[in-house]
Amino acid sequence: MRNKVSAVEYLAFLSIKYEVDPDELFHALISAGENRKSQCGNLSIECRGRTLDTVVFLIMKGSRVVAQFPVSREFLLERSSSLKDFMKTDLIRHLIKKNKGAHALRIRDLRTGMSHVNLKAKVLEIPRPKLVFTRFGNYVSVANALIADETGTIKLCLWNERIDSISVGDTIHIENARTSTFRGERQLSIGKNGTLSNTEVSGIQLKEGQSL
């Protein structure tokens with residue numbers, strides 16, 4: 001996004017990504033500029049420096065740095081300004097549309113044959129990988145991890161390097177997966193266009209009897 005969007009558009013993007021109100025983020029910046037630090041939802045904001053025309057802010061989520069960038073004093077002085085005004089740009093419209101399209105499902109909602117599945121879950125088990133001989137004439141490592149959210153559990157089929165990319169206890173974000181049935185059991189698989197990543201999502205509560 002560097003050299004392609006303004007600082008204001010980037011702030012609007014952050015409000016979408018971290019699910020905070022744009023107006024609250026704007027006023028949190030003002031507060032941090034006056035008081036050195038402020039809080040906005042799950043984001044902490046700190047004023048790290050000033051120049052003649054700009055104020056430099058550091059934004060963190062927990063102990064992780066989200067961004068550090070300058071914002072013009074002129075923008076901060078316009079107390080009637082609203083980041084919502086910048087949601088009208090083509091870039092932000094695209095981000096909003098993408099964000100809505102990536103709505104995460106719950107495990108209980110999954111049905112065999114579904115595609116483009118987005119899901120957030122906890123990793124409960126990762127069994128020892130098995131070597132499988134494919135129809136392409138090569139061997140691959142396969143492991144069916146057990147993942148869970150507050151609505152249930154499902155197997156996640158992992159191949160090769162993806163097996164080592166997650167650990168038991170991780171909260172993971174799966175995008176563009178598909179569901180199938182193998183030996184009478186539902187499972188998720190991630191193709192070449194899908195993604196698997198760790199995330200800091202909180203608030204996932206497991207069913208009684210499940211543990212990490």
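The values are calculated or read from the model by the stated rules, or taken from the named source; none is laboratory data. This is a predicted model, so every value here is computed, not measured. So basically every Cβ, Gly included, is an ideal-geometry build from the backbone, and we count neighbours across all protein chains shown.
Name the pairs whose Cβ atoms lie under 6 Å apart, with the first residue in the range 57-75 and over 13 Å from C40 (Cβ atoms) and of a type in the set (V, I, T), the second part of a strand (DSSP E or B) and modelled with pLDDT of 85 or more, and 6 or more positions between them or separate chains?
V71/V55
Looking at the structure I just gave you, is R128 more than 22 Å from T171 (Cβ to Cβ) and modelled with pLDDT under 90?
Details: more than 22 Å from T171 (Cβ to Cβ): yes; modelled with pLDDT under 90: no.
In short, no.
Anything in the range 29-74 that is part of a helix (DSSP H, G or I), out of contact with any Leu (no Cβ under 7 Å at 6 or more places or on another chain) and under 18 Å from A12 (Cα atoms)? List them, or say none.
Taking the range 29-74 as the starting set, the residues that turn out to be part of a helix (DSSP H, G or I) are 29-35, 73-74.
When the remaining residues are screened for being out of contact with any Leu (no Cβ under 7 Å at 6 or more places or on another chain), the result is 31-32, 34-35, 73-74.
Those that are part of a helix (DSSP H, G or I), out of contact with any Leu (no Cβ under 7 Å at 6 or more places or on another chain) and under 18 Å from A12 (Cα atoms): S31, A32, R73, E74.
Among strands (runs of 3 or more DSSP E) lying entirely in the range 110-154, which contain 3 or more residues that are in contact (Cβ under 8 Å) with a residue 12 or more places away in the chain and small (G, A, S)? Lay out the reasoning, then the answer.
Numbers: elements: 117-125, 130-133, 139-149.
Correct list: 139-149.
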